[in-house]
1. Mean separation of Cα pairs under 8 Å and 6+ residues apart, divided by the residue count of segment 26-121: what relative contact order is that in percent?
2. Could you please report the charge total around Tyr169, scoring K, R as +1 and D, E as -1 over all other residues with beta-carbon less than 9 angstrom from its beta-carbon?
3. Could you calculate, for the chain, the ratio of the Cα radius of gyration to the Kirkwood radius, expressed as Rg to Rh?
4. Helix 195-218 against the longest principal axis of the chain: what's the angle in degrees, Cα atoms only, rounded to the nearest 10?
5. Within the chain, how many Lys pairs sit with Cα atoms under 25 Å apart, leaving out pairs fewer than 8 places apart on the same chain?
6. Please state the Cα pair-distance histogram of segment 60-149 with 10 angstrom bins from zero: what percent is in each bin?
7. If you scale each eigenvalue of the Cα gyration tensor by 5 and take the root, what three semi-axes come out for segment 35-93, rounded to whole angstrom and sorted largest first?
8. How high is the relative contact order of the chain, in percent, with contacts defined as C-alpha pairs under 8 Å that are six or more residues apart?
Amino acid sequence: MALAIIPGLLLIIYVYRKDKVEKEPPRLIARIILFGVLSCCAAAYIERFESQFLPQYPKGSLEYALTTAFCIAALVEETVKFLAMRLGSWNYPGFNYRFDGIVYGVSSAVGFAIYENLGYVAVYGLQTAVVRAFTAIPLHAFCGVFMGVFYSYSKKAAILGNKGAVVGYTLLSLIVPMLIHGTYDTFAFLGNNGTMQLLIFVVILYIAAIETIKRMSAADYRSGFYPRARTIDYNVDI
């Protein structure tokens, strides 16, 4: 159980420590994590319902891997995680720096991943917990990183009144994580035929996500959404 939960919490702590300018309130982060947990519950029902209407291919086949990975897992799970993130953070007045979006995206993704991981570990045991600690948990969190980057751009565009950019960045905050998630799951669903590709992809994903976190964190001082300093009332109800 500890192995199912701790890796996700460590990733949130890592991202939280990288938030250099204005750290987000723990209560807000906890709320987004909870929304992420609820989104995992919703995804389970949606995926079960959707799978009834998709073509049935033999497990292990490329058709099965692509259909299950992109049309079910990536599409549904990244959508509900996005909704959890947006419902929990969009109207928060302290959402005023680009890195804030990464914090929110990772929080939602980790809430989803922890709840999902508990189910897998309860069924398959310790070995699964160890493997998923270095693969599936970081996958969800890193999808949250890229989701959060474009989500923060959409928030800035909304503040500036650029509706077209809001739509474009919102779509990117969904499409980019879906592509990452779908590619990962495709290799995973191919079984032994996709093991090497999966490992290579995971390494690339680690490097890209960590570099993105470091770069966005370093630039956070000059990436505020407002041309002048704005006083934030942190006592508002969140």
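1. Here the relative contact order equals 52 percent.
2. +2
3. Values: Rg = 17.8 Å, Rh = 18.2 Å.
We get a ratio of 0.98 for the chain.
4. 0
5. So the count of such lysine pairs works out to 19.
6. For segment 60-149, the pair-distance distribution reads 16, 40, 32, 10, 2.
7. 28, 11, 7
8. 29 percent.
Readers should treat all values here as calculations from the given coordinates under stated rules, not as data from a laboratory. None of these values were measured; they are calculated from a predicted model. In this analysis, Cβ positions are derived from the backbone assuming ideal geometry, glycine residues included, and neighbour counts consider all displayed protein chains.
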